[in-house]
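Scroll down for the structure; my scribbles are underneath it.
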Amino acid sequence: MDDNCIRSNPTDKMLKELKQAHDFEIKERKALTADEQRLFLDFLKRKPQYNHWYPLFAVMFGSGMRIGEVSGLRWCDIDLEEGVIDINHTLVYYSTGKGKKCKFAINTPKTKKGYRKIPMMDFVKEAFLLEKANQDETGVNCQITIDCYTDFIFVNRFGSVQHYGTVNKAIRRIVRDYNDEALLKEENPVLIPNFSCHNLRHPYVKLKLKNLFSLYCRLNCAEILHFPYNLNSLIRVNIHFIYEPVSQAL
């Protein structure tokens with residue numbers, strides 16, 4: 001193709017056809033249960049080698065933010081007094097061209113609905129405060145500026161933003177060590193399945209949708225007529241009711 005000898009690459013769809021020929025199916029990824037989330041976070045709390053990861057994962061479990069949104073979150077994007085997280089941008093990592101290095105950049109949210117304000121549950125607010133205290137104690141803070149954005153909340157030991165690949169590697173190590181410990185200590189342990197930082201949104205969304213039907217049941221006739229289709233309004237008006245079961249689960 002590079003020499004213009006052929007117009008297309010005959011091997012482009014070969015992998016897809018091989019998968020179809022062998023009835024290859026990708027294993028369905030399921031959201032972590034409330035028990036699995038609790039065990040994961042509890043393990044982070046009590047293990048010195050992993051407890052610095054607790055604030056990041058607690059915020060992700062309790063807010064439903066995408067990894068690019070939470071890694072790009074700045075201290076000025078959160079209001080600890082009002083208990084609100086303002087999502088107005090996302091952090092991306094992309095290739096600048098063939099043979100060139102990848103780099104971080106600031107981008108707009110995926111959709112218009114991506115611009116949103118998320119109320120903090122108590123344990124999420126505590127996680128932010130814990131991260132602040134940890135940084136004050138260790139002297140680690142943001143040392144990077146990306147597209148004029150700086151003062152990022154979740155940084156590594158070098159003061160740079162967290163890369164999603166690093167977060168996924170940490171998840172694999174944590175899950176491995178938790179499961180090894182559980183198998184040695186318990187006869188019928190609850191094991192944590194492998195997951196990625198992308199899957200951390202699923203438990204939050206799953207629990208929120210699970211309680212949406214209960215929300216409708218609490219509305220009177222006038223409220224149902226007033227908000228017949230606008231689910232965002234329903235969620236905003238009854239936000240504490242929706243988030244309460246999630247907070248209790250964690």
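Being in a helix (DSSP H, G or I), modelled with pLDDT of 90 or more and closer than 16 Å to V155 by Cα: is that true of L41 here? When the stated conditions are applied, L41 does not pass them.
Examine the range 137-158 for a residue that is small (G, A, S) and not in a helix (DSSP H, G or I), and state whether such a residue exists. Checked the range 137-158: at least one residue is small (G, A, S) and not in a helix (DSSP H, G or I). Against the condition touching a residue at least 60 places away in the same chain (Cβ under 8 Å) and in contact with a Cys (Cβ under 7 Å, 6 or more places away or on another chain), how does I78 come out, does it pass? No, not satisfied. Summed over the range 109-158, residues that are within 13 Å of P55 (Cα to Cα) and not hydrophobic (A, V, I, L, M, F, W, C) total 8.
Looking at the range 69-86 only, could you name the residues that are surrounded by fewer than 21 Cβ atoms within 10 Å (Cβ to Cβ) and either touching a helix residue (DSSP H, G or I) at 6+ places or on another chain (Cβ under 9 Å) or assigned to a loop (DSSP other than H, G, I, E, B) (or both)?
Filtering the range 69-86 for residues surrounded by fewer than 21 Cβ atoms within 10 Å (Cβ to Cβ) gives 74-84, 86.
The answer is W75, I78, L80, E81, E82, G83, D86.
Pairs linking a residue in the range 36-55 that is free of Cβ contacts under 8 Å to residues at least 40 places away in the same chain to a residue that is surrounded by 15 or more Cβ atoms within 10 Å (Cβ to Cβ) and in a helix (DSSP H, G or I), with Cβ atoms under 9 Å and 6 or more positions apart or on different chains, are K45/Y54; N51/L44.
The values are calculated or read from the model by the stated rules, or taken from the named source; none is laboratory data. Just so it is clear, the structure is predicted and the values come from calculations on it, not from any experiment. Cβ coordinates were reconstructed from backbone atoms using ideal geometry, including for glycine residues, and neighbour counts include every protein chain displayed.
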